[in-house]
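Enquirer: The structure that follows is given in the form of structure tokens.
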Amino acid sequence: MQRTHRRPFAQRGLGYLTGLLVVFGAAGGGALAVQEKPYPIFTAEHFVPAMKTVGQAFAAVTASLGRNEFEDSKAYLVISRDRLATTITFWRDRKKDDAIMMLRNAVAKLDDLDAALSADKIDPAAVAASVKQVGAACEACHATYREQDPVTKAYKLKTGTIE
Ligand code: HEC
């Protein structure tokens, strides 16, 4: 399998992602099951690392797309999708219906990208358009619920949006 003979990849955290790849790769299309699994507590301390993983995995999607390594892109896409989907619990617990809608939309855009990457003949323009739509869907929620510390540049939940 080509994936196991991956070239050195200068991205930090790849070992971690590869580990996740194995775990989530096995889950495959079971993403919905993951989403429905009861998750007793989903605190901000859970949310931030989840979002970091989504960010790293999606960066790996776009990086591998740039190298036309579509199988890798799809594998990283599964991680992005599953990790993002599980964060729904965080918003549900806090009754943030607008965030839930934005989250569902982002997951749907990731699914569209997966469909574009699963075409018999991959259309680069369609893939690029789909990547853009994913980015816009992520950004929609970030604009409402995320803020960046001007000094440290660290991201966090926007003050006052979550009690
Ligand atoms: C429903 C809301 C929502 C959606 C959708 C969403 N995010 Fe986030 N994201 C947040 C919030 C809130 C934060 C700030 C808290 C944090 O840093 O984890 C955040 C933070 C981040 C961070 C910074 C993590 C850190 O702390 O360093 C990255 C990277 C990120 N998101 C990537 C993505 C990507 C990529 C997508 C789309 C595939 C996405 N997000 C979709 C809400 C969302």
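Here, each number is a calculation from the coordinates, and none is a lab measurement. All values reported here derive from a predicted model rather than from experimental measurement. Here Cβ is always computed from backbone atoms with ideal geometry, including for glycine, and neighbour counts include all displayed protein chains.
Enquirer: Just tell me which lysines come within less than 20 Å, Cα to Cα, of K74; anything on the same chain fewer than 8 places away is out.
Expert: K52, K109, K121, K132
Enquirer: Sticking with this structure for a sec: So what's the range 43-157 giving for Rg/Rh, alpha carbon basis, Kirkwood Rh from the mean inverse pair distance?
Expert: 0.99
Enquirer: Identify all lysines with a Cα-Cα distance to K95 below 21 Å; exclude those on the same chain that are fewer than 8 residues away in sequence.
Expert: Partners found: K37, K156, K158.
Enquirer: Name the aspartates and glutamates eligible as straight-distance cross-link partners of K153: C-alpha to C-alpha under 17 Å, and not fewer than 8 places from it in the same chain.
Expert: E139
Enquirer: R0 = 22 Å: FRET efficiency of K156 with A119, Cβ-based, nearest 0.05?
Expert: Plugging the Cβ-Cβ distance into 1/(1 + (r/R0)^6) gives 0.05.
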